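In what follows, a structure is listed as structure tokens, so that the remarks can point back to it.
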Amino acid sequence: MSPAQDATDATDATDVLVVGAGVAGLACARDLLAAGVGVRVLEAGDGVGGRMRTDRVEGFVVDRGFQVVNTSYPQLRRRLPLRDLRLRPFTPGVLVQGPSGRLRFSDPTRRPRTLPDLLPGRLAGPRDLAALGVLSARAMLSPPGRLKRRADTTTRTALADAGFSEAFVEGFFRPFLSGVFLEDDLETSARVFHLVWRSMLRGTLFLPTAGVGAVPRALAAALPPDAVRLESGVAELTDDGVLTAGGREIPARAVVIATGPGSVPGLLPEVTLPDYRTVTTYYHVAPRSPLGEPTLLVDARRRFLNTCVLSDVAPEYAPPGHALVATSVLDGDGEGREGRGDWGGREDQVHREEREGRVRAAVGEAYGTGTDGWTLLAVRSVEDALPAMPPPQPLTRTTRVAPGRYVCGDHRATGSVQGALASGARAAREVLSDLRG
């Protein structure tokens with residue numbers, strides 16, 4: 001819906017206004033509607049999904065940053081028939097590019113033929129294999145509530161306490177978890193790590209054939225056709241509801257702010273937000289796959305977070321005769337600006353080209369192939385890709401801010417699709433409780 005339409009017919013009152021059509025806001029709206037509450041979702045952008053969006057670029061499927069779907073997420077399984085997303089699986093494991101070459105880390109319970117890859121002397125020694133077995137068994141068998149109640153430390157401390165050698169932490173856990181938590185010092189909460197490790201062991205990582213944007217689109221499709229109003233930004237909250245960017249007030253008994261973190265301070269300045277990690281993903285087109293399997297590759301030298309051939313995972317991501325390679329790097333010092341069109345000067349342009357060249361060279365070395373025939377298709381930078389989650393990390397927080405004012409998103413739970421959905425569900429429960437109370 002256009003801004004003009006918003007200005008002329010968006011003045012009718014409703015029970016609850018949800019500001020933001022990311023997965024948290026969509027989950028909140030769906031639960032409220034299921035309870036018989038009138039809801040309208042106002043989205044400033046031209047599509048649903050927030051940070052979980054997908055573009056079509058020259059016939060390729062380009063997600064706005066590398067993201068995956070984990071089938072172990074309870075909120076996701078409860079809300080969507082996953083088969084409708086036409087999911088394509090990753091290999092249950094990762095490849096680690098280290099000083100001695102490329103090593104494979106796989107789950108032998110799912111792929112017994114990969115058991116020799118875990119033999120002592122290759123990826124890990126006997127001590128580390130024993131610690132890994134104990135860690136994984138506890139994660140698989142312990143209920144989430146027990147993991148949440150554990151004393152919290154950093155992930156690095158938790159791995160040392162679990163008996164892992166420093167060499168194995170540096171050779172596997174640090175490069176792998178850097179891509180999961182978007183930080184390379186293992187400073188993330190151990191509670192979060194244990195829950196993530198459990199979810200990976202119990203679930204499978206997939207890509208939807210139409211891109212990760214298919215997830216929020218499916219959530220929105222379950223809502224009434226007029227529930228979501230696109231291109232309807234909110235300028236401020238009022239005593240009776242919200243004031244839209246078009247200058248009209250929409251009354252509501254309650255307002256839920258489910259925007260990205262960048263918009264929260266302007267609407268609810270009393271909300272304290274965590275720091276956020278910035279990540280940039282480079283999408284290269286190659287004439288053929290440099291790997292030939294749907295497996296994530298990480299770099300022990302940490303020149304990049306991770307890389308994968310998306311078209312090996314989901315062939316639908318690339319036209320026939322092409323391969324699409326996605327490589328993500330952690331940003332710092334303001335480097336993550338490529339995807340936003342603000343590289344105005346010649347110096348910035350040179351810096352961008354040099355950085356892309358370094359990434360391409362590192363990825364080519366990791367894959368063991370030349371990259372002369374590769375072309376850069378797209379670059380996507382996400383400033384608020386993931387909240388920082390240092391210990392002690394609360395795994396869920398109330399969404400109540402003030403009477404009739406609520407906020408939800410991954411910053412109120414854990415930095416994941418599961419966390420965003422769970423926060424939206426909690427917001428719906430608290431709104432219902434307050435309206436009925």
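When the chain is treated as a GNM with alpha-carbon contacts under 10 Å, the residue of Arg202, Arg301, Arg83 showing the greatest mean-square fluctuation is Arg83. Multiplying the residue separation of Glu249 and Ala222 by 0.36 nm and subtracting their alpha-carbon distance yields 7.0 nm. Once the dipole of the chain is set up with Lys and Arg at +1 and Asp and Glu at -1 on Cβ about the Cα centre, which of Ala413, Leu268, Phe164 lies farthest towards its positive end? Of Ala413, Leu268, Phe164, it is Phe164. The angle between the Cα long axis of helix 417-436 and the longest principal axis of the Cα atoms of the chain comes to about 20 degrees, rounded to the nearest 10. Calculated mean residue ellipticity at 222 nm for the chain: -9000 deg cm²/dmol, from DSSP H runs with n ≥ 4 weighted as -39500 (n - 2.57), summed, divided by the residue count and rounded to 500. The peptide list 57-70, 230-243, put in order of mean Cβ contacts within 10 Å with the highest first, becomes 57-70, 230-243. Summing charges over neighbours of Arg302, with a neighbour being any other residue whose Cβ is under 9 Å away from its Cβ, gives +1 when K and R count +1 and D and E count -1. A crude spin-label estimate for the pair Thr238 and Arg302, with each label 7 Å from Cα along the Cβ direction, gives 5.1 nm. Placing pseudo-labels 7 Å out from each Cα toward the beta carbon at Arg358 and Thr272 gives an inter-label distance of 3.5 nm. Taking Lys and Arg as +1 and Asp and Glu as -1, the other residues whose beta-carbon sits under 9 Å from that of Ala388 total -2. Summing charges over all other residues whose Cβ lies under 11 Å from the Cβ of Leu421, with Lys and Arg as +1 and Asp and Glu as -1, gives +3.
Please give the length that would be gained between Ala13 and Thr209 if that part of the chain were fully extended, namely 0.36 nm times their separation in residues minus their C-alpha to C-alpha distance (nm, one decimal).
That pair, Ala13 and Thr209, stretches by 66.7 nm at full extension.
Loop-located trypsin sites (Lys or Arg not before Pro) across segment 392-437 with a Cβ neighbour count of 14 or fewer within 10 Å are Arg397, with loop assigned by DSSP.
The modelled label-to-label distance between Ala162 and Leu129, using points 7 Å beyond Cα along the C-beta direction, is 1.8 nm. Matching the structure-derived volume of the Cα convex hull per residue in Å³ against the labelled list (i) 249; (ii) 163; (iii) 150 gives the label (iii). If the segment from Arg436 to His351 were pulled out straight at 0.36 nm per residue, it would be longer than the present Cα-Cα gap by 25.0 nm. Normalised per residue, the accessible area of segment 28-90 is 44 Å², obtained with a 1.4 Å probe and no contribution from ligands, DNA or RNA. Which parts of segment 274-303 would a label at Asp184 reach, counting a residue when its backbone N lies under 16 Å from a point 7 Å out along Cα-to-Cβ? Only 277-282, 297-303 pass the distance filter. So, R0 is 56 Å and r is the distance between the beta-carbons of Ala34 and Arg102; what FRET efficiency does that work out to, to 0.05? It comes to 0.70.
The values are calculated or read from the model by the stated rules, or taken from the named source; none is laboratory data. Small disclaimer: the values here were computed from a predicted structure and weren't measured. Methodologically, a virtual Cβ is constructed for each residue, glycine included, from the backbone with ideal geometry; neighbour enumeration extends over all protein chains shown. With ligands, DNA and RNA removed, areas are computed over all heavy atoms of the protein, side chains included. Shrake-Rupley method; radii C 1.70, N 1.55, O 1.52, S 1.80 Å.
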